[in-house]
Amino acid sequence: MPSYVITGASRGIGFEFVRQISEDENNTVFGIVRNPATAKELTSLKRPNVHVLKSDVTDHRGLSAAAAEVAKITGGSLDYLINNAAAVNDEFAHLTLTGFEDQDVLAQSLRGMFNVNVVGVVFTINAFLPLLQKGSVKKVITISSGVADLDLTVTTGIAASAPYSISKAGVNLAVGKYAAQFKSEGFIFLALSPGLVDTSTKPPTPEELEGYKQMITAFKQYDTTFEGAITPEQSVKMQLAVINNVTVKDTGAFISHHGDKRWL
Ligand SMILES: NC(=O)c1ccc[n+]([C@@H]2O[C@H](COP(=O)([O-])OP(=O)(O)OC[C@H]3O[C@@H](n4cnc5c(N)ncnc54)[C@H](OP(=O)(O)O)[C@@H]3O)[C@@H](O)[C@H]2O)c1
C-alpha cells in the first residue's frame, strides 16, 4: 500500500497528482490544502483512498499535526512526499529586478516567494522526514521550474518573474542539501520541473497576456520543438513516469518532466 503526501492539492498540478495517483486503489493519498472548504475539486473526488488534511506550508506546527494524522493512518510511515505547493506569481511578476519603483516592495516580493517556496518546502520535508525514514520508497519530489535554470534564463533573456525564479533556484539547492545528507539512507530527493502547464482558472489581465506572449515567443526561439503549454493531465503523467524511474543515483538532480534538462 504505497502512501503519498502531496502539498498544494486544492487545484492545478497538485490536484492532478492526487487524481492520477489515487486512481490505483492500492495507493493511499494525502492531499494537504490551506482551506479544505474551498478545495472543491479535491473534496468532490470522494475516493476512500484520498484523505484531505489542512496546513499552510509556512506553518511548521500545522505540518507536524498533518504528519501525525498521516502516521495514524499509515502506521507511522510514508513512501512519497511531493512538494507541489508554491507561491506562483504575485502582482509584480511582470517586473524585472530593476522595475520596482519601491525597493521595499521588491524586498517584500522576494521574501514572500522565499518564505513559501523555500522555507515552506524545508518545513514540509522536516515534518515528514521521520515518516519517510520508516517508508520503503523514500522519494521526496519538489516541484521546481525550468525558469530556475541559468542557461534557460540567460539564453531566453527572460528577466521578469525574478523573485519566483530565484526562489525556485534556491529550493533546488535545498534539495541538493537533503540529497547530500540522506543519500546513504537510500533517499531520492529530486527537483522536478513540470513543463509549461496551463493551470489558469481565470482569463489573464492585459498585462499578464502581454508577458505571456513574450515568454512564449522566447521559449519558441529557445526550443524550436516547443508547441505551447501542456495540460495538467499530460504534465503529471510525464512527471509520474520520471518519479517512478529515478533511483538513488539520481538523488539531488534538477530535471524536467522529460527526465532530462529539456524544460519545455
Ligand atoms: N503551471 C506551470 O506552468 C508551472 C511551471 C513550472 C513550475 N510550476 C510549479 O508547479 C507547482 C504547481 O503549480 P500550479 O500551476 O498548479 O500552481 P497553482 O494552480 O497556482 O496552485 C498552487 C497551489 O499551491 C497552494 N499554495 C500556495 N501557497 C501555499 C501555502 N503557503 N501553503 C500551502 N499551499 C499553498 C495553492 O493553494 P490554495 O488553493 O490555497 O491557494 C494551490 O493548491 C508549483 O510548485 C509551481 O511553482 C508550475
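Computed from the alpha carbon atoms alone, the convex hull of region 114-264 holds 122 Å³ per residue. How many percent of the accessible area of the chain is carbon or sulfur, using a 1.4 Å probe? Using a 1.4 Å probe with all protein chains present, the chain comes out at 54 percent carbon and sulfur. A Cα-only calculation for region 122-191 places Rg and Dmax at 14.3, 45 Å.
Residues whose amide H falls under 5 Å from that of Thr142, counting only those 5 or more places apart or on a different chain, are Asn83, Leu190, Ala191, Leu192, with hydrogens built in the peptide plane. Look at the alpha carbon pairs under 8 Å that are at least 6 residues apart: their mean separation over the length of the chain gives a relative contact order of 18 percent. Taken about its Cα centre, region 3-256 carries a charge dipole of roughly 920 debye when the Cβ of each Lys and Arg holds +1 and the Cβ of each Asp and Glu holds -1.
In the calculated pair distance distribution of the chain, what percentage of Cα-Cα distances lie above 30 Å? The answer is 25 percent, as a whole percent. Per-residue Karplus couplings for region 66-81, computed as 6.51 cos²θ - 1.76 cosθ + 1.60 with θ equal to phi - 60°, are listed in order as 5, 4, 5, 5, 4, 4, 4, 7, 8, x, x, 10, 8, 9, 10, 10 Hz, Gly and Pro entered as x. Let me make sure I get this right: for region 19-61, a, b and c are the square roots of the gyration tensor eigenvalues over alpha carbons, sorted descending. Under 1.5 in a/c it's rounded, otherwise prolate if a/b > b/c, else oblate. Which is it? It is oblate, given that a/c is not under 1.5 and a/b is not larger than b/c. Accessible surface for region 188-231, divided over its residues, is 64 Å² per residue with a 1.4 Å probe.
At R0 = 30 Å, how high is the FRET efficiency between Lys213 and Asn35 if r is their beta carbon distance? Nearest 0.05 is fine. Once the sixth-power term is evaluated, E becomes 0.40.
Report the one residue of Ser10, Val147, Phe114 whose Cα lies farthest in the direction of the positive end of the charge dipole of region 3-256 (charges on C-beta: Lys and Arg +1, Asp and Glu -1; origin at the Cα centre). Farthest towards the positive pole: Ser10. Potential lengthening of the chain between Thr58 and Lys46 amounts to 1.6 nm, from the contour at 0.36 nm per residue minus the alpha-carbon distance. Working note: 222 nm ellipticity from helices only, DSSP H runs with n ≥ 4, each -39,500 (n - 2.57), summed and divided by the residues of the chain, gives -13500 deg cm²/dmol to the nearest 500. Using a probe of 1.4 angstrom and keeping all protein chains present, the accessible surface of region 28-127 works out to 51 square angstrom per residue.
Working note: Karplus 6.51/-1.76/1.60 with θ = phi - 60° gives region 110-122 the couplings 4, 5, x, 5, 4, 4, 7, 7, 10, 4, x, 5, 5 Hz, where Gly and Pro are set to x. Determine the distance separating the Cα centre of region 48-118 from the Cα centre of region 132-181; give it in Å without decimals. Distance between centres, Cα-based: 14 Å.
Helix 12-21 sits at what angle to the longest principal axis of the chain, using alpha carbons and giving 0 to 90 degrees rounded to 10? On a 0 to 90 degree scale, this one is about 30.
Between Leu150 and Val248, how high is the FRET efficiency from 1/(1 + (r/R0)^6) when r is the Cβ-Cβ distance and R₀ = 25 Å? Nearest 0.05.
0.45
For the chain, leaving out every one of the GluC sites (Glu not before Pro) that falls in a DSSP loop and has at most 13 other Cβ atoms within 10 Å, the longest unbroken run is 102-226.
The values are calculated or read from the model by the stated rules, or taken from the named source; none is laboratory data. What you are looking at is a predicted structure, and each value in this text was computed from that prediction instead of being measured. As a convention, Cβ positions derive from the backbone with ideal geometry for all residues, glycine included, and neighbour counts pool all protein chains shown. Calculation scope for accessible area: heavy atoms of the full protein, side chains included, ligands and nucleic acids excluded. Shrake-Rupley method; radii C 1.70, N 1.55, O 1.52, S 1.80 Å.
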